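Beneath this line is the structure, given in structure tokens, with notes to follow.
The values are calculated or read from the model by the stated rules, or taken from the named source; none is laboratory data. Remember, it's a predicted structure, so these values are computed and weren't measured experimentally. Every residue, glycine as well, gets a Cβ built from its backbone with ideal geometry; the counts of neighbours run over all protein chains shown.
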Amino acid sequence: MLMQVYQTQLDTGVRPVGIVLMGIGEPLDNYDNVIKFLRLLSDNDGNNFSFRHVALSTCGIVPKIYELAKLKLGLTLSVSLHSPDSAKRSEIMPVNRKYDIPEIIKACKYYFSETGRRVTFEYAVMDGVNCSHSDAVRLAGLLKNMNAHVNLIPVNEVRERDYKTDGVHVKKFAQELRNLGVNVSVRRTLGSDINGACGQLRRDSEKYCPDSS
């Protein structure tokens, strides 16, 4: 992970201004190595990178969120939520069957209390699944009195699922959330024209990787 940072800087001649730990794999399932990486990244004799410009994205591994909070590193915690309803979230993200929404919200509140850092909730907008008016109302209620930010992501189409959305639905859902007092932004989508957007690279990498068995 550290070499990716150094190689990027070497290739571009530009020091990275922000780092996000996410993608194929769950950072909090690789907790010890992630913390080692962060310590090296921020060391005065290394890159001296500020944690305020680092985000860690997780599907919601609750025990590790508590551990991370106690370290008080000051990085941004991003949690993939995708629905305010536990039953629906379990369909989208099976991990919810182990760590459900009330547990995650409780852990996120603890993270803020320990670090003072606002928590970001990632929310992939899917037509007919999680962007109705009632979804907006439930999400706003879930985050009431919580220092949080919702990052709406237009879902990228993949062959395994029939999830899809368009800009109109995303903008409408964003406005409904704003009207309900939720701090919200819409992520810019890049790479979908070459099947290289979020979720799409993983699919094709599995297709072309040989079976190790």
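Here are the numbers:
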quantity: Residue in the stretch 72-80 that is modelled with pLDDT of 95 or more, out of contact with any helix residue (DSSP H, G or I) (no Cβ under 7 Å at 6 or more places or on another chain) and small (Gly, Ala, Ser) present; calculated: yes
quantity: Scope the stretch 19-34; condition in a helix (DSSP H, G or I) and either of a type in the set (D, E, K, R) or over 14 Å from Lys64 (Cβ atoms) (or both); matching residues; calculated: Asp29, Asp32
quantity: Residue check, Ser50 in contact with a Gly (Cβ under 9 Å, 6 or more places away or on another chain) and small (Gly, Ala, Ser); calculated: yes
quantity: Sole residue being in a helix (DSSP H, G or I) and in contact (Cβ under 8 Å) with a residue 12 or more places away in the chain, chosen from Phe37, Phe49; calculated: Phe37
quantity: Those residues of the stretch 87-111 which are under 23 Å from Met126 (Cα atoms), touching a Leu at 6+ places or on another chain (Cβ under 8 Å) and of a type outside the set (D, E, K, R), in sequence order; calculated: Ile101, Ile104, Ile105
quantity: Any hit, the stretch 107-124, residues being more than 19 Å from the chain's Cα centre (by Cα), among the hydroxyl-bearing types (Ser, Thr, Tyr) and assigned to a helix (DSSP H, G or I); calculated: yes
quantity: Test for Glu206: is it of a type in the set (D, E, K, R), modelled with pLDDT under 80, assigned to a helix (DSSP H, G or I) and more than 21 Å from the chain's Cα centre (by Cα); calculated: yes
quantity: Residue under evaluation Asp162, criteria (1) modelled with pLDDT of 55 or more; (2) touching a strand residue (DSSP E or B) at 6+ places or on another chain (Cβ under 9 Å); (3) assigned to a loop (DSSP other than H, G, I, E, B); (4) closer than 26 Å to Ser86 by Cα, criterion not met; calculated: (2)
quantity: Residue match in the stretch 129-136 (condition: surrounded by fewer than 16 Cβ atoms within 10 Å (Cβ to Cβ), at pLDDT below 95 and either of a type in the set (Phe, Trp, Tyr) or part of a loop (DSSP other than H, G, I, E, B) (or both)); calculated: no
quantity: Leu56 being of a type in the set (A, V, I, L, M) and outside any strand (DSSP E or B); calculated: no
quantity: Of residues in the stretch 51-67 being among the hydrophobic types (A, V, I, L, M, F, W, C) and in contact with a Ser or Thr (Cβ under 9 Å, 6 or more places away or on another chain), the one farthest from Leu38 (Cα to Cα); calculated: Cys59
quantity: Leu73 being more than 28 Å from Phe173 (Cα to Cα) and in a helix (DSSP H, G or I); calculated: no
